[in-house]
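In what follows, a single structure is set out as structure tokens and then discussed.
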Amino acid sequence: MAAPTAGRTEPTRRPVAWSEMRIVFSEDGRDFQRRDWTRLVSADPAGTFFHRPRYLKLYWEEFGETPEHLLLAFAEAEDGTQVGAVAFERIDDTLRFLGGTEITDYLGPVALPEAKEAMAKELWSALLAREDWRVADLWGLAEDRGWYQLLGDAASAAGLDTEEAPDHDGVAPFLPLPATWDAYLDGLVAKHRHEIRRKAKKLEAEAGPYRIVTADADTLRPMLDRFVELHRMSEGPKGVFMVPGMEIFFRRLGEAFCADGVFRLTMIEVGEELAAGTIGFSSDGTSYLYNSAFDRKWGGLAPGMVLVGENIRRAIEDGCTAFDLLKGDYEYKYRFGAHARRVRRLIVTR
């Protein structure tokens, strides 16, 4: 099934007295569904696939410490309309955004754009009324999407101490997409444009014709089997990443998001073998490259690089306006024309 190609949608706007906003807390995991905030993810330019409540619910079920550590916060306008949301987890006396720094690339709140400043202020006011945290260690805030500055300013105004600290892999290369593949290639520096074309031609010349295969409901399980196998063949930290618990998480992601075209497991078939694979997502006009693996015996022909290029081509054909290569400041990402987006970490102490 093709991924949704529409960009972000915004709920109907009307004049609102944001001074009447209130924050409602919940420690009930059922509120991922009962107070589903997916529409706010689409409305907020900071919203990503990782802010979706279905994703965060799945993360919580697989990696959450204990039920009492969950803390959901909802911003409500004076008429009770839900205009913002953020998910936290509490570890001892530390408050963190829900999602985990090793697994979730972007974290933090989402809200209607016009409600963000008020929500940041009300959130700290409401959190200060609680006694179950001492430090808020807030990772995963994209520098160019507003929340890092808003939360920092509001915390300082509330009399809290704030400091910036390094975020894990604190750069996420990001690529705005033009309307056509040819326009994308034309926008690259000549060296990188020629490299993309040369690798594809070399792969076909030396290994024969290749094709791109995308998992659907029928092929998801065997393709994930192969992807996990390739991942465990990798060298270094990558090779030990796919522990059984992580494999279950990846499989649940596929089961949850494959049918609607959001989850993208794509592989390149060379010589009747699945030589490389990528897992990504397509959401609200952005395509995300989440994870990748390849068979080392094909390494000299760079099937993984060819596959990333084909992923970008498909994102353009699907009408996406951005391709996010996510955290990890690796040189290969910039060969595709990406530019560095900083991801920030804010530490707030009461």
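Could you say whether any residue in the range 298-316 is within 22 Å of ALA46 (Cα to Cα) and not aliphatic (A, V, I, L, M)? Step through it out loud before you land on a result.
Here is the first cut: in the range 298-316, the residues within 22 Å of ALA46 (Cα to Cα) are 312, 315-316.
Remaining after also requiring not aliphatic (A, V, I, L, M): none.
No, the range 298-316 contains no residue that is within 22 Å of ALA46 (Cα to Cα) and not aliphatic (A, V, I, L, M).
Could you pull out the residue among GLU76, GLU102, GLU65 that is assigned by TED's automatic domain parsing to the domain that holds TRP147, out of contact with any Ser or Thr (no Cβ under 8 Å at 6 or more places or on another chain), surrounded by fewer than 24 Cβ atoms within 10 Å (Cβ to Cβ) and modelled with pLDDT of 95 or more? Spell out the reasoning first.
Details: GLU102 fails: modelled with pLDDT of 95 or more; GLU65 fails: modelled with pLDDT of 95 or more.
Every option except GLU76 fails the conditions.
With respect to GLU122, determine if the residue is touching a residue at least 60 places away in the same chain (Cβ under 8 Å) and either under 20 Å from the mean Cα position of the chain (by Cα) or not in a helix (DSSP H, G or I) (or both). It would help to see each step written out before you state the result.
On the way: touching a residue at least 60 places away in the same chain (Cβ under 8 Å): yes; either under 20 Å from the mean Cα position of the chain (by Cα) or not in a helix (DSSP H, G or I) (or both): no.
Criteria not met by GLU122.
Kindly establish whether GLY84 is in the same structural domain as ALA142 (by TED's automatic domain parsing), at pLDDT below 95 and either in contact with a Lys or Arg (Cβ under 7 Å, 6 or more places away or on another chain) or small (Gly, Ala, Ser) (or both). First the steps, then the outcome.
Details: in the same structural domain as ALA142 (by TED's automatic domain parsing): yes; at pLDDT below 95: no; either in contact with a Lys or Arg (Cβ under 7 Å, 6 or more places away or on another chain) or small (Gly, Ala, Ser) (or both): yes.
Criteria not met by GLY84.
Here is a yes/no grid of residues against (1) in the same structural domain as ASN311 (by TED's automatic domain parsing); (2) surrounded by 21 or more Cβ atoms within 10 Å (Cβ to Cβ):
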site	(1), (2)
PRO113	no, no
GLU122	no, yes
ARG134	no, no
LEU138	no, yes
TRP147	no, yes
ASP167	no, yes
ASP182	yes, no
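With the structure loaded, tell me whether LYS333 is under 18 Å from the mean Cα position of the chain (by Cα), assigned to a helix (DSSP H, G or I) and either within 19 Å of GLY170 (Cα to Cα) or charged (D, E, K, R) (or both) or whether it fails that test.
Working: under 18 Å from the mean Cα position of the chain (by Cα): yes; assigned to a helix (DSSP H, G or I): yes; either within 19 Å of GLY170 (Cα to Cα) or charged (D, E, K, R) (or both): yes.
Yes: the conditions hold for LYS333.
Filter the range 196-227 down to the residues that are outside any helix (DSSP H, G or I) and of a type in the set (A, V, I, L, M), then identify the one that is nearest to ASN311 (Cα to Cα). Give the derivation first.
So the first thing to find is which residues in the range 196-227 are outside any helix (DSSP H, G or I), and the list is 208-219.
Subsequent filtering for residues that are of a type in the set (A, V, I, L, M) retains 212-213, 215, 217.
Details: ILE212: 9, VAL213: 11, ALA215: 13, ALA217: 19 Å.
The qualifying residue nearest to ASN311 (Cα to Cα) is ILE212.
Here are the criteria: (1) in contact with a Pro (Cβ under 7 Å, 6 or more places away or on another chain); (2) more than 27 Å from PHE50 (Cβ to Cβ); (3) not acidic (Asp, Glu). Tell me which single one ALA190 does not satisfy.
Every listed condition holds for ALA190 apart from (1).
Working only within the range 193-221, note down all residues that are in contact (Cβ under 8 Å) with a residue 24 or more places away in the chain, surrounded by 14 or more Cβ atoms within 10 Å (Cβ to Cβ) and of a type outside the set (Gly, Ala, Ser).
Scanning the range 193-221 gives GLU195, ILE196, LYS199, LYS202, LEU203, TYR210, ILE212, VAL213, THR214, LEU220.
Considering only residues that are in a strand (DSSP E or B) and in contact with an Asp or Glu (Cβ under 9 Å, 6 or more places away or on another chain), which ones fall in the range 297-325?
Of the residues in the range 297-325, the ones in a strand (DSSP E or B) are 322-324.
The one that is in a strand (DSSP E or B) and in contact with an Asp or Glu (Cβ under 9 Å, 6 or more places away or on another chain): ASP324.
Among the numbered conditions (1) part of a loop (DSSP other than H, G, I, E, B); (2) more than 23 Å from GLN149 (Cα to Cα); (3) touching a residue at least 12 places away in the same chain (Cβ under 8 Å), tell me where GLU68 comes up short.
For GLU68, the failing item is (1).
Please find, among VAL86, VAL41, the residue that is closer than 24 Å to GLY170 by Cβ and in contact with a His (Cβ under 7 Å, 6 or more places away or on another chain).
Details: VAL86 fails: in contact with a His (Cβ under 7 Å, 6 or more places away or on another chain).
Only one candidate passes the filter, namely VAL41.
Which is more than 18 Å from the chain's Cα centre (by Cα) and at positive phi, of ASP161, ASP92, ASP153, ASP169? Full working, then the answer.
Working: ASP161 fails: at positive phi; ASP153 fails: at positive phi; ASP169 fails: more than 18 Å from the chain's Cα centre (by Cα).
Of ASP161, ASP92, ASP153, ASP169, the one residue that is more than 18 Å from the chain's Cα centre (by Cα) and at positive phi is ASP92.
Just give me the residues in the range 77-112 being hydroxyl-bearing (Ser, Thr, Tyr) and part of a strand (DSSP E or B), in sequence order. Working first, answer last.
In the first step, residues of the range 77-112 are kept if they are hydroxyl-bearing (Ser, Thr, Tyr); the result is 81, 94, 101, 104, 106.
If the condition is that a residue be hydroxyl-bearing (Ser, Thr, Tyr) and part of a strand (DSSP E or B), then THR94 is the only one that fits.
Given the condition in contact with a helix residue (DSSP H, G or I) (Cβ under 7 Å, 6 or more places away or on another chain), over 14 Å from LEU203 (Cα atoms) and of a type in the set (D, E, K, R), answer yes or no: does some residue in the range 277-293 qualify?
Within the range 277-293 (the criterion being in contact with a helix residue (DSSP H, G or I) (Cβ under 7 Å, 6 or more places away or on another chain), over 14 Å from LEU203 (Cα atoms) and of a type in the set (D, E, K, R)), the answer is yes, since at least one residue qualifies.
The values are calculated or read from the model by the stated rules, or taken from the named source; none is laboratory data. Nothing here was measured: the structure is a model prediction, and the numbers come from that model. All Cβ positions, even for glycine, are placed from backbone atoms using ideal geometry, and neighbour counts span all protein chains on display.
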